[in-house]
Every structure is written in C-alpha cells, then in structure tokens.
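What follows draws every value from the coordinates through simple rules; no lab data is involved. Being a predicted model, the structure only gives us computed values, none of them experimental. Positions of Cβ are backbone-derived with ideal geometry, glycine not excepted, and every protein chain shown enters the neighbour counts.
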Amino acid sequence: HLSTRLLAVAKYVPRGARLADIGSDHAYLPAYLGLNNELDYAVAGEVVKGPYLNALHEIKKEGLEKKIMVRLADGLAAVTEKDAIDTITICGMGGPLICHILDEGKIKLKKRPKLILQPNVGEWQVRKWLNENNYQIVTEEIIDENDHIYEIIVAEWKAEKDDLTDEDYLFGPILKKEKNSIFIKKWEREREKLLHLLSEIKKARKVPLEQKKALENKIRKIGGVLNG
Ligand code: SAM
C-alpha cells in the first residue's frame with residue numbers, strides 16, 4: 001500500500017542500500033524496500049512516540065526486525081557510525097525542517113551518503129542547502145498524486161559546487177529544463193495564486209511597496225520560466 005509519492009522515492013534508493021529513513025512515520029518506505037529485497041539494512045527514525053510505535057508495529061508485522069531498526073530519535077541522531085548508512089531519505093515534511101535535520105546531523109554526513117529528499121513545501125531551501133553543502137542535484141522528479149504535486153530531489157556529494165541561480169533553487173535546475181506538464185500545472189497554479197494575492201494587496205493601501213514589487217517580481221519570474 002505504498003503511495004505513488006513514496007513509490008517514486010523508492011526507485012532512487014540503490015539496490016543493497018544501507019538506508020536511513022528519517023521521519024519514517026509508519027516506516028512504509030523501508031518496509032516496502034525490505035520486503036522487495038532492495039535493502040541490506042535500514043534505520044527508520046522517528047521523533048514522535050505515536051509514529052515510532054506505528055513503525056515498530058509495521059516492521060514487526062512484516063517480519064523485518066532483523067533488517068530494519070526502528071529508533072525513537074531526533075533527526076540523524078537515529079543513526080550511528082556502526083550503521084554505515086550510505087543513503088538517506090527524508091520525505092513528507094517542509095523544506096526548512098529537512099534543512100534543519102541535515103544541519104543538526106552534519107557529523108553523520110561525513111561518509112557522504114546519497115540524499116533523497118521530498119519536501120512538501122520550500123523546495124528552494126532544500127536545493128540551496130544541497131548546493132551550499134557540496135551536494136549536487138543529480139535527479140529531480142515532479143509527481144502528481146490526486147492533484148497534490150510533489151517534488152523529489154536526489155543529490156550526491158561532489159567536490160566542486162555547481163553554479164546554481166536563485167531561479168534554479170526555486171524551479172529546480174533539472175525540472176525547469178524538462179518543463180513537463182506537471183511542472184507547468186504547478187507553476188500555473190502558483191502564478192494564479194500570486195496574481196490573486198497581488199490584487200488583494202493592491203486593494204489594501206497599507207501594504208509596503210517593496211512587498212508588492214517582490215510579488216510582481218516572482219510572478220514575472222514564473223511567467224518567464226513558463227513562457228521561456
Ligand atoms: N516520511 C513519511 C512519508 O513521507 O510519508 C512520513 C511523513 S510525516 C508527514 C513526517 C514525519 O516526520 C512525522 O511522523 C514526524 O513525527 C516526523 N518528524 C518530524 N520532525 C522529525 C525529526 N526532527 N526527527 C525525526 N522525525 C521527525
């Protein structure tokens with residue numbers, strides 16, 4: 001019963017990975033990979049007791065206790081050096097929280113694991129973090145699940161930093177080149193929303209000029225990418 005979204009994430013986990021899935025909730029993603037013999041080993045990390053218990057239950061039910069460790073911990077505190085993690089998935093949370101988890105857990109990234117991230121919002125912050133921390137975005141995917149649009153960002157450590165612009169951060173360097181129908185749907189929707197906001201703001205007299213300008217700028221940027 002893996003969602004389209006998590007199935008899309010699952011395909012980027014290399015066969016035989018030693019995976020840490022942080023914020024695992026029911027541990028559906030590692031359980032699915034474990035049942036399909038895609039994993040060598042995994043840690044399912046959860047910071048909240050309820051979801052942690054859900055994960056424990058799921059892993060036990062599927063008989064995966066030997067392969068998948070469920071741990072109650074904040075972010076990357078769930079993993080130790082001994083786990084020899086080579087792949088990390090962090091899915092279904094906001095970009096700022098994903099960045100916070102990566103920042104707090106920097107010491108756990110010394111072996112430069114592959115990162116597979118699926119922010120629900122604030123994707124640009126995730127891309128900025130990756131670029132600033134020498135992670136190159138190697139794959140991006142945009143999916144539509146029941147009219148919810150999600151982005152998946154896959155990154156690998158690289159010695160030199162890529163030259164990414166603010167526009168790359170916002171739209172995704174790969175997604176904006178590809179410009180598929182889901183990408184267009186997302187950004188047309190966003191532009192509509194911002195145009196509506198702008199018209200509301202124009203009615204309210206007290207809104208500072210810079211705020212209007214910033215909004216107009218973003219609308220123009222989106223237009224540029226959609227029509228460019
Ligand atoms: N990863 C699953 C998915 O994509 O379907 C679950 C997403 S769920 C919306 C987010 C989960 O992250 C929640 O269960 C929450 O408790 C957990 N979480 C939030 N902050 C966390 C942190 N700092 N460390 C570990 N888990 C965290």
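If you place +1 on the Cβ of every Lys and Arg, -1 on the Cβ of every Asp and Glu, and leave all else neutral, what size is the dipole of segment 46-97 about its Cα centre, to the nearest 20 Debye?
Working: 7 positive and 8 negative charges, 42 e Å.
It comes to approximately 200 debye.
Applied to segment 122-136, the Karplus parametrisation 6.51 cos²θ - 1.76 cosθ + 1.60 on θ = phi - 60° returns per-residue 3J(HN,Hα) values of x, 4, 4, 5, 5, 4, 5, 4, 4, 5, 5, 10, 6, 9, 8 Hz, with x for Gly and Pro. Along segment 28-36 the Karplus relation, 6.51 cos²θ - 1.76 cosθ + 1.60 evaluated at θ = phi - 60°, assigns HN-Hα couplings of 4, 5, x, 5, 4, 5, x, 5, 8 Hz to successive residues, with x for each Gly and Pro. Between Lys108, Lys128, Lys11, the GNM of the chain built on Cα springs shorter than 10 angstrom shows Lys11 fluctuating the most.
When the chain is fully extended, how far beyond the present Cα-Cα distance does Ile174 get from Leu2, taking 0.36 nm per residue of separation?
Numbers: separation 172, 0.36 × 172 = 61.92 nm, distance 2.58 nm.
Taking 0.36 nm per residue and subtracting the Cα distance, the gain is 59.3 nm.
Which residue, Asn146, Trp129, Pro113, has the largest displacement toward the positive end of the dipole of segment 107-154 when charges sit on each Cβ (Lys, Arg +1; Asp, Glu -1)? The one lying farthest along the dipole's positive direction is Pro113.
Hey, could you get me the Stokes-Einstein D for segment 4-165, Kirkwood radius over alpha-carbon pairs, 10 °C and 1.306 mPa s, rounded to whole µm² s⁻¹?
Numbers: Rh = 15.6 Å.
Value of D from the Cα-based Kirkwood radius: 102 µm²/s.
Within the shell of other residues whose beta carbon sits under 13 angstrom from the beta carbon of Arg15, the net charge comes to 0, with Lys and Arg scored +1 and Asp and Glu -1. Overall, the anisotropy analysis places segment 79-228 in the prolate class: the square-rooted eigenvalues a ≥ b ≥ c of its C-alpha gyration tensor yield a/c not less than 1.5, with a/b exceeding b/c.
Sorted by packing (mean other beta-carbon atoms within 10 Å per residue), highest first, where do 149-158, 20-29 land? Display every interim value, and only then the final one.
Numbers: 149-158: 20.3, 20-29: 24.5.
Ranked by mean Cβ neighbours within 10 Å, highest first: 20-29, 149-158.
Remark: for residue pairs Lys185/Lys213; Lys128/Lys185; Lys193/Lys218, the C-alpha separation exceeds 18 Å in Lys185/Lys213; Lys128/Lys185.
Can you work out the PRE-style zone for Ala159? Point 7 Å along Cα to Cβ, and I want the residues of segment 112-131 with backbone N under 17 Å. From segment 112-131, the list is 112. Using a Gaussian network model of the chain in which every pair of alpha carbons under 10 angstrom is joined by a spring, one finds that among Glu58, Glu46, Glu190 the greatest mean-square fluctuation is at Glu190.
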